[in-house]
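Participant: Handing you a structure now.
Since every read-out is calculated from the coordinates, none of them should be taken as a lab result. As the structure is a computational prediction, the values presented were derived from the model and not from experiment. Every residue, glycine as well, gets a Cβ built from its backbone with ideal geometry; the counts of neighbours run over all protein chains shown.
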Amino acid sequence: MTAMGLLFDVTACALCGACWLADKERNKLPIPEGDFTQDALSDTAFLAMERRQGRGVRHSCMHCVQPTCASVCPVAALEKTPVGAVVYHQERCIGCRYCVIACPFCVPKYEWSKQLPYVRKCDLCHSRIAAGESPACAAACPTGALLYGERSALLHVAHERIAAGKGAYLDRVYGEHEVGGTSLLILTDISLEELGYPTNLSSNPMPSLTWEALVNVPRVVLLGGAMLTGLWWLTKRREEVRAARKEQQ
Ligand code: SF4
Ligand code: SF4
Ligand code: SF4
């Protein structure tokens, strides 16, 4: 299956909020009143559109080619699918929140206020794209600022726009190399720092860095630590689920 992706062109974004609303509707999330640009990423906002320097700045899961969130998850609750989306299997999740800490883009959010909390984030409308449709945000965008397609084709389009723009764009496609590449690619006319995107990321996939660090730690320490942490969280999670079920009865 072909790895798909999204190209977000900051220069074409009208900050209309249609993508933000489409995310809310698609994922059945509450729609807050007021300025949508103030709705930051949370367990009820999987896509945020921030206003910076008069431009729209998209925040959502980057759907990393080699996702750190999936590599640290001890129970394979996060999965990179062949179609490009990083999806979440909530029935497997034990609530350890390693993914929340490990994501280089601070994306996964935990439902702290719920009795039975899960991790929440954008899944690139996985069921839609698996059926050959585009993600809801891209389908709703009236300006073409969000382009959906094969990741390799989107990279080609992005570099063509940079070349044709003759300096109108920053000569860099954000997500082409960051953490080994992401399925959300971003084109901008001003610096990534001004837009607030992290720019100090390695071009190596984070899972490989994790493993490079881990091989230097004695195996017995790792195994012991992992087992104890796992046991503690499993026990805690079981207790939380039991308590919540009791209250629901
Ligand atoms: S952006 Fe974070 S949550 Fe999304 S795939 Fe990458 S590591 Fe996982
Ligand atoms: S919180 Fe859930 S999805 Fe995240 S790492 Fe732990 S088990 Fe995996
Ligand atoms: S729908 Fe398109 S133009 Fe409107 S805010 Fe989203 S990306 Fe920008």
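Participant: Stretched out fully, how many nm does the piece from CYS106 to ARG52 gain, at 0.36 nm a residue minus the Cα gap?
Facilitator: 17.6 nm
Participant: Also, I was wondering about something else. Counting other beta carbons within 10 Å of each Cβ, put VAL72, VAL86 in order, fewest first.
Facilitator: VAL72, VAL86
Participant: Taking 35 Å as R0, compute the FRET efficiency from the Cβ-Cβ separation of VAL157 and SER42 and round it to 0.05.
Facilitator: 0.65
Participant: Can you sort ASP35, ASP123 from fewest to most other Cβ atoms within 10 Å of each residue's own Cβ?
Facilitator: With the fewest neighbours first, ASP35, ASP123 line up as ASP35, ASP123.
Participant: Note the full-extension length gain between GLU25 and SER191 as 0.36 nm times their separation in residues minus their Cα-Cα distance, in nm to one decimal.
Facilitator: 56.6 nm
Participant: Going by how many other Cβ atoms sit within 10 Å of their own, how do MET206, MET1 line up, fewest first?
Facilitator: Listed from fewest to most nearby Cβ atoms, that is MET1, MET206.
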